[in-house]
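The values are calculated or read from the model by the stated rules, or taken from the named source; none is laboratory data. Source: prediction; values computed, not measured. FYI the Cβ positions are ideal-geometry reconstructions off the backbone, even for glycines, and counts take in every protein chain you see.
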Amino acid sequence: MSEQLKSQIEAEIAANKILVYGKGTKTMPRCGFTLETIQFFDHFGFPFEVIDVLENMEKRDVLSEMTNWPTLPKVFINGKFYGDTDILGPMAQNGELQAVLKEAFGADVQPKTTINLH
C-alpha cells in the first residue's frame, strides 16, 4: 500500500465530516451509485464532499485495502467508514444515521425530504 496515498486519503477524510469517494464529482457524477449517494446526503442538508477516484486506480486500490470494501462509492462520516447507501439507507430508516450525523455536526438531524432508496 502506498504510504503517500494512504496519508493523502487520511488527510482528506480528516478535512471533511462527510466524504464520499465515488465515480465523478458532486456536480458531475459518473455512475448511478455515486448519484444515489449524492442525492441521499442532499436530503440531510449538511455539507459533504465527493472525491472522484474513477481515473486513479492506485488510489481506489489503497481505499479498498484501507476499508476492506471493494466497490464505490465509499462513505466516511466523522472519520469512520460506513460503506455506501446499502448500509446507510437502513441506518437512516432506523434513526441510527441521524445519531451519527448529530455527533458529527452537533445538531439535530431532520431530512429535508423523505428518503427513498431504490
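Points to keep in mind about this one:
- All positions within segment 1-36 that are within 12 Å of the chain's Cα centre (by Cα) and hydrophobic (A, V, I, L, M, F, W, C): ILE13, ILE18, LEU19, VAL20, PHE33, LEU35
- Segment 7-78 holds no strands (runs of 3 or more DSSP E) entirely within its bounds that carry 1 or more residues that are out of contact with any Ser or Thr (no Cβ under 7 Å at 6 or more places or on another chain) and at pLDDT below 95.
Per-residue answers, yes or no, for (1) hydroxyl-bearing (Ser, Thr, Tyr); (2) touching a residue at least 24 places away in the same chain (Cβ under 8 Å); (3) over 12 Å from PHE44 (Cβ atoms):
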| site | (1), (2), (3) |
| --- | --- |
| TYR82 | yes, no, yes |
| GLY95 | no, no, yes |
| GLN98 | no, no, no |
| LEU101 | no, yes, no |
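- Among residues of segment 92-118, those that are at pLDDT 90 or above and either of a type in the set (Asp, Glu) or within 21 Å of LYS26 (Cβ to Cβ) (or both), counted: 8
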